[in-house]
């Protein structure tokens with residue numbers, strides 16, 4: 001697979017950001033991967049971006065997570081910047097690159113609270129990472145994420161990939 005360059009906490013990087021509102025917090029949110037919808041398995045029909053929580057200040061992570069369900073930092077995974085008409089009537093803008101400081105590593109994906117993960121894994125069984133370590137499910141780039149025992153987890157939907165072979169891990 002490709003060379004890996006995981007982000008280092010405390011360093012600055014150019015990251016895509018989208019200005020929007022999540023649980024009362026309006027800011028330029030760092031995003032990872034393209035805008036998409038997840039109606040087929042996850043039953044989430046709105047266009048949305050996944051937040052790159054590595055670049056969000058901890059106080060905002062905690063505030064948004066508490067407002068959501070008090071799951072703590074793992075709960076932020078379920079929070080996305082979405083284009084529901086009552087929240088963003090004109091839709092979401094395209095990402096704009098912004099220099100931001102990496103505040104933390106990605107929280108561990110909360111597999112235990114994700115009901116649809118097994119179905120998603122079945123759908124992508126036999127698939128491989130796209131060139132550049134891109135998840136084939138929704139095009140999320142994975143090269144900036146650290147691997148654990150040679151496995152990288154897509155932060156958007158939890159699919160796990162072997163970084164040497166590119167194969168999905170069940």
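Taken together, the values in this text are just the output of simple stated rules run on the coordinates, not laboratory data. Just so it is clear, the model here is predicted, and its values are computed rather than measured. Cβ: placed from backbone, ideal geometry, glycine included. Neighbour counts: every protein chain shown.
A few remarks follow.
- Every Cα-Cα pair of the chain was included, and the share exceeding 25 Å stands at 29 percent.
- One chain, two ends: residue 149 and residue 39. Fully extended at 0.36 nm per residue, the span grows by 36.4 nm beyond their Cα-Cα distance.
- Label positions at residue 86 and residue 108, each projected 7 Å from the Cα along the C-beta direction, are separated by 3.6 nm.
- Length gained when the stretch residue 12-residue 170 is fully extended (0.36 nm per residue, less Cα-Cα span): 53.5 nm
- Angle between the chain longest axis and helix 58-68 axis [Cα atoms, degrees, rounded to 10]: 80 degrees
- Extension gain for the segment residue 25 to residue 63, taken as residue separation times 0.36 nm less the Cα-Cα distance, is 12.8 nm to one decimal.
- Mean ellipticity per residue at 222 nm, deg cm²/dmol - from DSSP H runs of n ≥ 4 across the chain, formula -39500 (n - 2.57): -3000 deg cm²/dmol
- Highest mean packing comes first when the peptides 134-144, 150-160 are listed by Cβ atoms within 10 Å, giving 150-160, 134-144.
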